[in-house]
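Asks: If you scroll down you'll find the structure; I have some questions about it.
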Amino acid sequence: MMDREELITILGAPLGDLATDRELFAEAVEVRNRTVGDKVYLRGLIELSNRCRKNCLYCGIRSGNKGVDRYELTDEQVLAATEYAWRSGYGSVVIQAGERTDDAFTDRIELLVRQIKSLSNNELGITLSLGEQEREVYRRWFRAGAHRYLLRIEASSPKLYAKIHPADHSQKKRLDCLGFLKEEGYQVGTGVMIGLPYQTVGNLADDLLFFKTLDIDMCGMGPYIEYPGTPLSGVRSIFTRDERLQLALRMIALLRLLMPDINIASTTALHALHPRGRELGIAAGANVMMPNLTPAAVRGNYKLYDNKPLQDMDLRGFNVALENAWGDSHHFASRLSKARASTERRK
């Protein structure tokens with residue numbers, strides 16, 4: 001396993017050193033193909049709503065942004081998108097939204113999860129990305145049929161986390177939620193933004209080690225992209241956008257080497273900085289992509305960052321796993337097996 005200094009050396013190498021990157025990415029792809037296979041797994045992304053109770057300093061749909069046209073998909077729209085994903089052979093859907101914790105919202109998610117499982121004859125996997133919730137809410141959603149959850153930490157450094165969030169946000173709360181999710185049986189994912197203001201290469205190395213220590217099953221991380229008018233957009237990052245893209249690809253490759261059997265997404269933010277961003281992510285060791293199935297009429301209103309791609313994803317050229325392949329995390333299966341073996345030894 002690489003230590004912190006080795007990670008810093010690789011991340012901090014000259015960003016024009018393409019030969020070094022090619023070697024790193026080739027090694028990551030070889031490890032990916034050997035451990036989890038060479039298929040790309042699809043998660044049909046449904047952005048349910050851009051209404052959010054949080055006011056994160058970097059986010060375009062923060063509650064304090066009065067210039068956003070707020071929307072919420074109907075149940076019919078959600079189910080139509082999931083049926084399209086199912087009939088197209090996607091293994092899974094992701095339901096993502098701004099964070100809400102009111103009973104009407106949490107009850108609705110539980111019902112939608114049950115309806116999606118019924119509609120697809122239990123064939124569609126369901127990932128949720130709906131922020132911090134009470135443990136009982138996570139339990140209800142899991143029992144309804146969700147089995148993966150993405151809750152991004154955004155920055156594992158407590159100091160950096162505090163600089164990009166209002167004072168009423170708690171990193172401890174987010175860490176507690178990640179623990180709840182694991183204990184409730186979810187495949188757990190998290191991630192960070194790469195190239196944030198105040199962020200250093202050392203912070204990024206610590207992020208990778210944080211993922212390893214937390215023993216995550218999947219990861220979604222990508223370059224930080226400013227959203228005009230947010231408090232953080234006026235603070236300069238030490239990394240240019242081109243550098244953030246290159247660092248994000250290095251982060252994917254290094255995480256693949258550190259945690260060979262997890263699922264790693266090639267995120268939309270990569271594509272926002274490069275017309276072949278998703279392809280570059282796969283070529284650096286990622287194995288998951290998330291085509292956007294949100295209705296086109298409202299897709300432009302779910303802007304977490306500027307220049308978000310709105311067009312449908314072209315899947316030609318990718319070795320896509322269809323036939324409703326869930327593409328569950330190999331790491332999760334291994335983690336469960338080790339936990340069962342440990343329990344048996346204690347008996």
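The values are calculated or read from the model by the stated rules, or taken from the named source; none is laboratory data. What you are looking at is a predicted structure, and each value in this text was computed from that prediction instead of being measured. Methodologically, a virtual Cβ is constructed for each residue, glycine included, from the backbone with ideal geometry; neighbour enumeration extends over all protein chains shown. We work out accessible area using only protein heavy atoms, side chains counted, and drop any ligands, DNA or RNA first. Shrake-Rupley method; radii C 1.70, N 1.55, O 1.52, S 1.80 Å.
Asks: I need the peptides 288-296, 249-257 ranked by packing, meaning the mean over residues of other C-beta atoms within 10 angstrom, with the highest value on top.
Replies: 249-257, 288-296
Asks: Find the centroid of the Cα atoms in region 38-109 and in region 254-305, then give the distance between the two in whole Å.
Replies: 16
Asks: I want the antiparallel fraction of DSSP beta bridges within the chain, as a percent rounded to 5.
Replies: Bridges in the chain that DSSP calls antiparallel: roughly 5 percent.
Asks: Now for a different question. Among the Cys residues of the chain, which have no other cysteine Cβ under 4.7 angstrom away?
Replies: Cysteines of the chain left without a disulfide-compatible partner: Cys52, Cys177, Cys219.
Asks: Over the chain, give the accessible area per residue in Å² for a 1.4 Å probe, as an integer.
Replies: For the chain, the solvent-accessible area averages 42 Å² per residue.
Asks: Here's something else I'd like to know. When N is the residue count of the chain, what does its C-alpha Rg come to as a fraction of 2.2 N^0.38 Å? Show your work: numbers first, answer last.
Replies: Working: Rg = 19.1 Å, N = 347, 2.2 N^0.38 = 20.3 Å.
Compactness ratio reported: 0.94.
Asks: With a 1.4 Å probe and all protein chains in place, put Trp326, Trp86, Trp141 in order of accessible area, largest first.
Replies: Working: Trp326 75, Trp86 35, Trp141 0 Å².
Ranked from most to least accessible, the order is Trp326, Trp86, Trp141.
Asks: What accessible area, in Å² to the nearest ten, does a 1.4 Å probe give for Arg70?
Replies: 80
Asks: At 1.4 Å probe size, with the rest of the protein present, what percent of the exposed accessible area of region 1-138 is carbon and sulfur atoms?
Replies: Here carbon and sulfur together make up 49 percent of the probe-accessible area.
Asks: Just to compare against my own numbers: the Cα pair-distance distribution for region 114-166, 10 Å bins, whole % per bin, please.
Replies: Binned Cα distances yield the sequence 21, 38, 25, 13, 3.
Asks: With a 1.4 Å probe and all protein chains kept in place, how much accessible area does Asp75 have, in Å² rounded to the nearest 10?
Replies: 40
Asks: Tell me the accessible surface of Thr200 in square angstrom (1.4 angstrom probe, heavy atoms of protein chains only), to the nearest ten.
Replies: Here the residue's solvent-accessible area equals roughly 60 Å².
Asks: I've got another one for you. In terms of modelled amide H atoms, which long-range or inter-chain residues lie less than 5 Å from the amide H of Glu154?
Replies: Gly191, Val192, Met193
Asks: Using label points projected 7 Å from each Cα along Cα→Cβ, tell me how many nm separate Ser170 and Glu27, to one decimal.
Replies: Each label point lies 7 Å from its Cα, and together they span 4.1 nm.
Asks: Compactness ratio of region 207-307: Cα Rg over 2.2 N^0.38 Å, N = residue count?
Replies: 1.13
Asks: Could you work out the mean projected area of the convex hull around the alpha carbons of region 121-220, in square nanometres to one decimal?
Replies: Result: a mean projected hull area of 6.7 nm².
Asks: How high is the relative contact order of the chain, given as a whole-number percent (alpha carbon pairs under 8 Å, six or more residues apart)?
Replies: 26
Asks: Which residue, Ile262, Ile164, Ile95, tops the fluctuation ranking in a GNM of the chain built on C-alpha contacts under 10 Å?
Replies: Ile164
Asks: What are the ³J(HN,Hα) couplings of region 183-191, residue after residue, when phi is run through the Karplus curve with 6.51, -1.76, 1.60 and θ = phi - 60°? Round to Hz, x for glycine and proline.
Replies: For region 183-191, the Karplus curve yields 5, 7, x, 6, 6, 10, x, 8, x Hz.
Asks: A follow-up question, please. Per residue, how big is the convex hull of region 231-288 when only Cα atoms are used? Give it in Å³.
Replies: Taking only Cα atoms, region 231-288 has a hull volume of 95 Å³ per residue.
Asks: Could you check the simple spin-label distance between Phe318 and Ala162, using points 7 Å along Cα→Cβ, in nm with one decimal?
Replies: It is 4.0 nm.
Asks: Mind checking which of Lys54, Lys39, Lys66 has the largest fluctuation in a GNM of the chain, springs on alpha carbons under 10 Å?
Replies: Judging by the Gaussian network model, the answer is Lys66.
Asks: Report the FRET efficiency, 1/(1 + (r/R0)^6), for Ala339 and Arg70, where r is their Cβ-Cβ distance and R0 is 56 Å, rounded to 0.05.
Replies: For Ala339 and Arg70, the calculated efficiency is 0.85.
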